[in-house]
Structure formats: C-alpha cells, structure tokens
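The values are calculated or read from the model by the stated rules, or taken from the named source; none is laboratory data. Please read these numbers as outputs of a predicted model, since none were measured by experiment. Note that each Cβ is placed from the backbone with ideal geometry, even for glycine, and that neighbours are counted across all protein chains shown.
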Amino acid sequence: MLKVGEKLYEGKAKILYATEDPNLVVQYFKDDATAFNAQKRGTILGKGAVNNQISARLFQWLEQAGIPTHFVQQLSEREMLVKRLQIIPLEVTMRNITAGGMSRMLGIDEGLVLEPPVFEWHYKSDALGDPLINDDHILALALATAQELETIRRLSSKVNDTLKTYFAARRIDLVDFKLEFGRHPADSSRLGAGRQGQLLLGDEISPDTCRFWEQGTKKKLDKDRFRRDLGDVEAAYQEMLKRVVG
Ligand code: UDP
C-alpha cells in the first residue's frame with residue numbers, strides 16, 4: 001500500500017503529496033475554482049472527483065495513442081499517482097474554434113472554426129496573466145530547448161487529433177484546451193544545463209482546462225459556466241463525467 005507523505009505543493013485546484021518513491025507523487029484534486037488569475041474564487045461541488053476521473057481516463061487514452069504522460073494510476077476518487085515532473089513554465093493552448101482569450105485579443109466572435117488549429121505558447125505566470133510568447137522568447141530565456149519545443153508541438157498536435165475524435169464520438173466539440181509538459185525525473189541535480197529527462201504530458205485534462213461545447217445545442221460544459229456565471233456549473237461537470245466514463 002502506498003504511503004502518502006508530506007505536502008509538496010498546493011496550487012489553485014490541486015495538491016501534490018510526496019510518496020516513498022522520490023519519482024512518484026500523488027495529485028489530489030480539490031473543489032476550489034478560480035478564474036481571471038484568481039481574482040474570482042469559488043467552489044464547484046464534486047469538481048475534484050470529476051476532474052480526477054476525467055483526467056485519468058484521458059491520460060490512459062492518450063498513452064494508448066502513443067503520447068507519454070505522467071499518469072501512473074488512479075488511487076481514489078480524488079487522487080491520482082503520477083510521475084514526478086519538473087514542470088516547464090509554459091502553457092500550450094490548442095484552439096479548434098475561437099473563444100475566450102483569442103476572441104478578446106483579436107476582437108473576433110466566438111465559435112469560428114479554426115483550420116488549421118491554432119497553437120499558442122503562454123509563459124506560465126499568474127502575476128503576469130500567462131502572457132502569449134513565441135519560440136524566440138522561449139529560446140532566448142532558455143525556458144526550454146529547441147528540441148523540447150519541437151517535441152511539445154508534435155505531441156500537442158497529436159493530443160488534439162486524438163481528443164477531438166474522442167469527444168466527437170461523445171457529441172462534444174473540443175473548442176480549445178491547455179496542456180503542460182515537464183521533465184521526468186524531477187531530480188534537479190540531473191536536470192541542469194543538459195536538460196535531460198523524459199518529456200511527459202503533465203497536469204490535468206478536464207473541464208477546468210478545456211472548453212467543451214455540446215454538439216447541436218452549443219451548450220457550454222466547462223469552466224466557462226463558472227467564469228461567466230452561467231449557472232448549472234456542477235451539472236455541467238457531472239455531464240462531462242458521464243460522457244467521458246459513461
Ligand atoms: N486555460 C487553462 N488555464 C489557464 C488559461 C487557460 O486551463 O491558465 C484553458 C482554458 O480553460 C481554455 C483554454 O486554456 O480551455 C484557452 O483559454 P484562453 O486562452 O482562451 O483563456 P481564458 O479565456 O480562459 O482567459
């Protein structure tokens with residue numbers, strides 16, 4: 001039986017705990033919800049359990065499609081065992097349909113189909129509001145190597161293809177989503193300038209990190225219901241759980 005150890009890190013939606021194995025950590029999913037760089041805070045009852053189960057299912061599905069992830073095993077309703085990662089401070093956004101930040105930035109309507117899909121890098125910084133950056137910023141600031149950028153782009157595109165098909169079969173349009181990658185093992189002494197370490201997809205994939213629109217009705221089944229005070233927030237998360245694991 002796995003012994004859960006000290007708290008390593010508490011984020012906005014998850015807590016990471018150490019285990020006896022330095023290469024493995026437990027990811028605990030909370031009901032806490034934040035939006036607009038944590039200016040809006042609240043609770044979505046049952047969200048932690050939903051996001052854990054959806055993420056577990058999607059990581060397994062992506063592994064089968066050949067995408068290396070940090071997922072090891074679902075431990076309980078709210079806990080997942082994952083490989084320890086040194087998270088690269090980048091957020092990858094993939095967009096299939098305009099919404100949210102892209103619509104705001106370019107002054108365009110939501111709901112326009114993007115072909116080809118749009119790939120974006122954001123610098124992971126709450127204080128700065130996760131600003132949009134490009135490859136040159138990343139290389140000049142040594143946030144990741146050229147090879148890592150190439151691998152992340154290739155894997156993200158494959159994640160998009162795989163998940164679009166997965167959700168289409170469940171009558172859901174995958175509008176956009178955010179991914180984070182990291183290096184495993186997270187033993188920092190082995191991850192110096194050489195930046196060795198296997199690149200793995202980390203974090204979570206859930207209604208907190210994706211936009212899901214029901215096909216036909218275009219009903220939003222994701223965190224936009226919380227961000228925009230649309231009501232039926234809990235029901236939307238439960239509906240997505242049903243579609244994914246049901
Ligand atoms: N997203 C996320 N974390 C962030 C920012 C965005 O998970 O810190 C997700 C968000 O749920 C959406 C996608 O990434 O599915 C694109 O978000 P966008 O850039 O449009 O930003 P937003 O409108 O949420 O500010």
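Structure data summary
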quantity: Residue in the stretch 22-31 that is of a type in the set (A, V, I, L, M) and either in a loop (DSSP other than H, G, I, E, B) or in contact with a helix residue (DSSP H, G or I) (Cβ under 6 Å, 6 or more places away or on another chain) (or both) present; calculated: no
quantity: Residues located in the stretch 111-121, provided they are surrounded by 12 or more Cβ atoms within 10 Å (Cβ to Cβ), without any contact (Cβ under 8 Å) to a residue 40 or more places away in the chain and within 28 Å of PRO89 (Cβ to Cβ); calculated: LEU114, VAL118, PHE119, GLU120, TRP121
quantity: Count of residues meeting criterion [surrounded by fewer than 20 Cβ atoms within 10 Å (Cβ to Cβ) and β-branched (Val, Ile, Thr)] in the stretch 155-175; calculated: 2
quantity: Odd one out for ARG78, checked against (1) basic (Lys, Arg); (2) in contact with a Gly (Cβ under 9 Å, 6 or more places away or on another chain); (3) closer than 16 Å to GLU180 by Cβ; calculated: (3)
quantity: Any hit, the stretch 39-57, residues being within 13 Å of the ligand (Cβ to nearest atom), within 19 Å of ILE205 (Cβ to Cβ), among the hydroxyl-bearing types (Ser, Thr, Tyr) and surrounded by fewer than 20 Cβ atoms within 10 Å (Cβ to Cβ); calculated: no
quantity: Inter-residue pairs, beta-carbon under 8 Å, first among the hydrophobic types (A, V, I, L, M, F, W, C) and in the stretch 209-222, second away from the ligand (no atom under 11 Å from the Cβ) and at pLDDT below 95, 6+ apart; calculated: none
quantity: Some residue of the stretch 47-60 being over 16 Å from the mean Cα position of the chain (by Cα) and not in a loop (DSSP other than H, G, I, E, B); calculated: no
quantity: Qualifying position, being at pLDDT below 95, out of contact with any Pro (no Cβ under 6 Å at 6 or more places or on another chain) and crowded, with 18+ Cβ neighbours inside 10 Å, among GLY202, GLY197; calculated: GLY197
